[in-house]
Amino acid sequence: MVRQTEPKRAYSLAEFAKMFSICRDTAARAAKRGDLRTVQLGGRRLVPRAEVERVEKEGIDRGLRGFRPQGHVDGKSLGSGERADEQTA
C-alpha cells in the first residue's frame, strides 16, 4: 500500500530555490529584502506553503520583485549567444 503524503507546511530556502530553479542565495536575498516571506524555526529559515503558492500564482519574476531571470535585461530577452554586458541599447 502506497501512503500519500500531505504537502509540507513549510520548505527550506534550498527546497524553495529548487522548486523555482533559482539559486538558494537568490531566495535568501529575496527573504532579506522582504520580497519572500519566511519564518524562523530554531536556527532554520523556512518558506511557508502559502508563500510558495503566492509565488507560484504570481510567477517567480513578479513574486520576487528583485528577481531577474537569467537571459533577461530590463524585461527584454537576450538573443541566442548574447550576453547582458554585450547588449546594445
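Quick note: the coordinates plus some simple rules give every number you see, no bench work behind them. No experiment lies behind these values; they were computed from the predicted model shown. Here the Cβ is made from the backbone with ideal geometry for all residues, glycine too, and neighbour counts use every protein chain on show.
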*the stretch 36-62 - residue that is under 16 Å from Y11 (Cα atoms) and of a type in the set (D, E) and, of those, surrounded by the most Cβ atoms within 10 Å (Cβ to Cβ)*: E51
*Pull up the stretch 1-35, narrow it to residues that are among the polar types (S, T, N, Q) and within 10 Å of the chain's Cα centre (by Cα), then point me to the one that is surrounded by the fewest Cβ atoms within 10 Å (Cβ to Cβ).*
S21
